[in-house]
1. Please sort 53-63, 362-372, 166-176 by packing, taking for each peptide the average over its residues of neighbouring beta carbons within 10 angstrom, highest first.
2. For Thr79, Thr214, what ranking results if the residue with the fewest other Cβ atoms within 10 Å of its Cβ goes first?
3. When only Cα pairs under 8 Å and 6 or more residues apart are kept, what is the percent relative contact order across the range 30-268?
4. Tell me, what is the Rg over Rh of the range 121-197, with Rh the Kirkwood radius over Cα pairs?
5. Each residue of the range 368-373 in order: what ³J(HN,Hα) in whole Hz does its phi give by Karplus 6.51 cos²θ - 1.76 cosθ + 1.60, θ = phi - 60°, with x for Gly and Pro?
6. At 0.36 nm per residue, minus the direct Cα-Cα distance, what do Arg63 and Thr164 gain on full extension? Give it in nm, one decimal, please.
7. Give me the one-decimal nm value for the distance between modelled label points at Val382 and Glu285, 7 Å along each residue's Cα-to-Cβ direction.
8. Using the Karplus equation 6.51 cos²θ - 1.76 cosθ + 1.60 (θ = phi - 60°), what ³J(HN,Hα) coupling, rounded to whole Hz, does each residue of the range 307-313 give in order, writing x for Gly and Pro?
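No lab work stands behind these numbers, since they all come straight from the coordinates. Please read these numbers as outputs of a predicted model, since none were measured by experiment. Note that each Cβ is placed from the backbone with ideal geometry, even for glycine, and that neighbours are counted across all protein chains shown.
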Amino acid sequence: MKLAIDGGQPEVAGKYPDNWMRVKKGLRLSRDLMEMLPFTVFGVTTITDGSGIVRKFEAGFRRLTGSGFALAMVNGTATLHSAYFAVGVGPGSEVIVPSYTWHATATPVLQCGATPVFCDVDPYTLTADPDDIERRITQRTKAISVVHVWGNPANMDRITEIATRYNIKVIEDCSHAHGAVYKGKAVGTWGAIGCYSLNSGKAVDGGEAGVAITNDPILFDRMLLLGHFGRIQNGQAARTFNVGDMSLGLKYRPHTFAMYLAHASLGRLHERNAHCEKSWRWLCEEIEGVRGLRPQATLPGAVRGGYMSHVLVYEGEGQGGPPREAFVEAVRAEGAPLSADRYSQINYTYGMLHQAPIFTSLDRRALGGCCYDPTRPWSENVVTVSLPVCERLSQQLVSFPRFDRASEKFVRSCGRALRKVTTTLVPQSQSSPSSWEVRPDFVRDQSLVNAPTPG
């Protein structure tokens, strides 16, 4: 079969997303936001006390996750900073963070004057490797930050068992994982605090917002104290602090309009996740058994949610095929919107976080504030670690959009494009096991039947 890049017929017809789907989504959103118009007319654009739409959204998110408390914020990065602050991360502390994640998982650790310690990831799930987490625990370790990357739940029973044994707090970065569940519990409720981004493009989208959840009223009050002037006096869960209505000076409360957007989006989360689950299954079915290409694996008992991207591991170069860049180019020529993984490729040329200039070469002592640990020699603030799995994956990962508005025909044609290019360019040895046979204990898709539905 002749590849499109060599003049053959492209496998995929049409483009993603279709324009009519954009219009349909916009009309639905307009109806949902009619409630916002009176506030615009009368100039009520800020809610300082957590009432109104802020309270309504937080209640909906508590119902979604089954958590005791939810605190809406200006963005997901603010939720992570608040979480680290609340569990006591500060100078002299270390927080274990997977290297394969967006930098906002790790940079708030610096804002606390603490040290991020990067760990490797499991090569199949792409989430933090529990064994490597345990290897990196020291007397300074205050917290473990777990990322449910691309909406795929991490191995939370293993990680929480380790954390309990060492008396360490777990912070869950759920920025990609709205509606995801692990062994019957929503992600974000396994650890001390769960942090969600509501940034543009997330499954629950406020344009720019975030929300943190917890079952601990004291941790909730500490997050209020850090950044929620206006809610301190009457909004504490355990009345932990008697400081009047002052906070510590940060303003992490969300914009009112963002809460309207997020609340409208929350009501469609279950529908959106259900379609993404189908698209992931369609894609995986089309490439099953292809040597040199494997999807991100899902642990037994895990239900994905959020679906930021459909991520695959291209192993073809090591099996006689072309480099990743040439592979992506050939698939795109077929009409499929494949790209090199954005964390390993677009994390600004450095690969994974443990290789980033912010952590390895920038002298943060020369800056204002305290974005380093002053209790340690500077050499201990600089990351010098080798993470072989992350470093290999940074040259292998490729991804599709989440396909939340794509038809089955379109998604399957993208899968056929992957199969066509891979089987043409990567030798398909009959004597070698396919990538699907490496970890048979993993599953590739899960039903969302038992996933929680937002109230």
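1. By packing density, highest mean first, the sequence is 166-176, 53-63, 362-372.
2. So the residues, fewest neighbours to most, are Thr214, Thr79.
3. Relative contact order here is 24 percent.
4. Taking Rg over the Kirkwood Rh, I get 0.94.
5. With coefficients 6.51, -1.76 and 1.60, one gets x, x, 9, 8, 7, 8 Hz.
6. Extra length available between Arg63 and Thr164 comes to 33.7 nm.
7. Computed distance between label sites Val382 and Glu285 equals 5.4 nm.
8. 6, 4, 8, 9, 10, 10, 9
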